[in-house]
Amino acid sequence: MSGDGKRAVSGSYDKSVRVWDVDTGLQIGDALTGHTGEVSSVAMSGDGKRAVSGSWDLSVRVWDVDTGLQIGNALPGHTSQVSSVAMSGDGKRAVSGSWDLSVRVWDVDTGLQIGDALPGHTSQVLSVAMSGDGKRAVSASETTVRVWDVEKGSIVHLGKLKDWRDIVERFLNAENLRAVSRTRRRRETLKVFVSGGKIVHERENGSEAVLAQLESTVDSWEIDDNHGVFVGAAGNWVAIMKLVV
């Protein structure tokens, strides 16, 4: 999702990437095509002008949302399916994680990998995230979470998978690494979760309210707390809704 909560991007088993106008619920332009395998992960720059996608075809691709064109060639290097991608706020850097156990960082403008692959995970990399300035990245496998200094290609923190959200909040939102120890976990403003096809809000008193009931099970989803926007994948549909809780 874009930083202002007005655009969202989705990827599908049909090998396409699509960009959506959150306010109207309409697709922006044509589907972005080029992947030869299922699209497993997508992300968007803060200004909503660039998107990145990872696929079972082992490649990472970057897109110009306004023109609907791919930026440069596919980014090669992974030797197994790409499981997760993320992008810096300005869209100039991207990070990808793969079942080949590696994490790779990319210069979007040149199409080149920044440094060597970041090693260390001993099981499949399941998720990655990147700071707004593109200088730090976080990756998670089945057991561990690693925080990377992208400039140095080194690990700055090793944590547990259960602490993923807290680590991402602290290490990627702090202005510098020294400030990390002074930051605390931010309170989630929207306690929303999915259960089958239901989107449920947990109130402060512990009660629950069903905000929406979809026909299909919600497979993956994201919430923009700042703008109260929910984006979820349910079967062949993409659900985009403004949350009023």
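Each value in this text was obtained by applying a stated rule to the coordinates, not by laboratory testing. Worth saying up front: this structure is predicted, and the values here are computed from it rather than measured. Reconstructed Cβ throughout: ideal geometry from the backbone, glycine too, with neighbour counts over all protein chains shown.
Some values worked out for this structure:
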| read-out | value |
| --- | --- |
| Segments 203-215, 76-88 sorted - mean Cβ within 10 Å per residue, highest first | 76-88, 203-215 |
| Loop-located chymotrypsin sites (Phe, Trp or Tyr not before Pro) in the stretch 2-60, at most 16 other Cβ atoms within 10 Å (DSSP) | TYR13 |
| Modelled FRET efficiency - R0 51 Å, SER207 with ASP107, Cβ distances, 0.05 increments | 0.55 |
| Approximate spin-label separation LEU161-SER80, in nm, with each point projected 7 Å along Cα-to-Cβ | 1.4 |
| In order through the stretch 29-45: 3J(HN,Hα) via Karplus (6.51 cos²θ - 1.76 cosθ + 1.60), integer Hz, x for Gly, Pro | x, 7, 4, 8, 10, x, 5, 9, x, 4, 8, 9, 7, 9, 7, 9, 5 |
| The stretch 23-58-the stretch 133-152 distance, computed between alpha-carbon centres (Å) | 22 |
| Burial ranking of peptide ranges 2-9, 68-75 (average Cβ count within 10 Å, highest at the top) | 2-9, 68-75 |
| Peptides ranked, highest mean first, by Cβ atoms within 10 Å: ranges 103-109, 155-161 | 103-109, 155-161 |
| Over the stretch 7-180, relative contact order from alpha-carbon pairs under 8 Å, at least 6 apart, % | 12 |
| Estimated inter-spin distance, ASP4 and LYS198, nm [label 7 Å along Cα→Cβ] | 3.6 |
| Residue-span extension gain [GLU215 to GLN124] - 0.36 nm each, minus C-alpha spacing | 29.6 nm |
